[in-house]
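The values are calculated or read from the model by the stated rules, or taken from the named source; none is laboratory data. Worth saying up front: this structure is predicted, and the values here are computed from it rather than measured. Please note: Cβ atoms are built from the backbone with ideal geometry, for glycine as well, and neighbour counts cover all protein chains shown. We work out accessible area using only protein heavy atoms, side chains counted, and drop any ligands, DNA or RNA first. Shrake-Rupley method; radii C 1.70, N 1.55, O 1.52, S 1.80 Å.
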Amino acid sequence: MFKKGQKLYSITNYKCPKCHEGDLYPTKLFSFSKAFVMYDNCPECNQPYVIEPGFYWGAMYIAYMLSSGTILGGFVILFFIVNLSIIQSFLIMMTIVLLMYGFIFRTARAIWINIYVHYDANRKLIKKKDD
Ligand SMILES: [Zn+2]
């Protein structure tokens, strides 16, 4: 959908923001037991994923925006268009967001690191010269 070199490619595919080759996470999205496990460095170009201690605290704001936006949007659809009660709409959206926790967590971190780390098309070549 998005091409390598675009930030959205790295975010939607959970790829390293520097080389767009290495994965951010060692497991698939719906591995519920290890949903929060992230590599320390890019397996391809060695870009550190934790740039400073507590780096991902800021990703909580992104996660908050993603989850509250999802709840609000879904609530509006269920309450005003499907005509469910307030309680029903709220409970359905809370359940959906709880099931999406791995997706929200990973997407928030991918967005956060992409704010600070930018794509470098030559990154892999530099690493190969060093090897
Ligand atoms: Zn990389």
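Dividing the summed -39500 (n - 2.57) terms of all DSSP H runs of n ≥ 4 by the residue count of the chain sets its mean residue ellipticity at 222 nm at -15000 deg cm²/dmol. Accessible area per residue for the chain, computed on protein heavy atoms with a 1.4 Å probe, is 64 Å². Longer than 19 Å from Cα to Cα, which of LYS18/LYS124; LYS7/LYS34; LYS3/LYS124; LYS4/LYS124; LYS7/LYS124 are they? Say none if no pair is. Listed pairs above 19 Å: LYS7/LYS34. Hull volume per residue, based on the alpha-carbon atoms of region 7-130 and their convex hull, is 109 Å³. Across region 9-14, rounded Karplus estimates of 3J(HN,Hα) from the backbone phi angles (6.51 cos²θ - 1.76 cosθ + 1.60, θ = phi - 60°) give 5, 4, 5, 6, 9, 6 Hz, Gly and Pro being marked x. For region 7-130, carbon and sulfur atoms together expose 67% of the accessible surface, with a 1.4 angstrom probe and every protein chain in place. Loop-resident trypsin sites (Lys or Arg not before Pro) (DSSP state other than H, G, I, E or B) in region 12-65 with no more than 14 further Cβ atoms inside 10 Å of their Cβ: LYS28. Rounded to the nearest 10 degrees, the inclination of helix 59-76 to the longest alpha-carbon principal axis of the chain is 30 degrees. In the chain, Cα pairs under 8 Å separated by at least six residues give a relative contact order of 34 percent.
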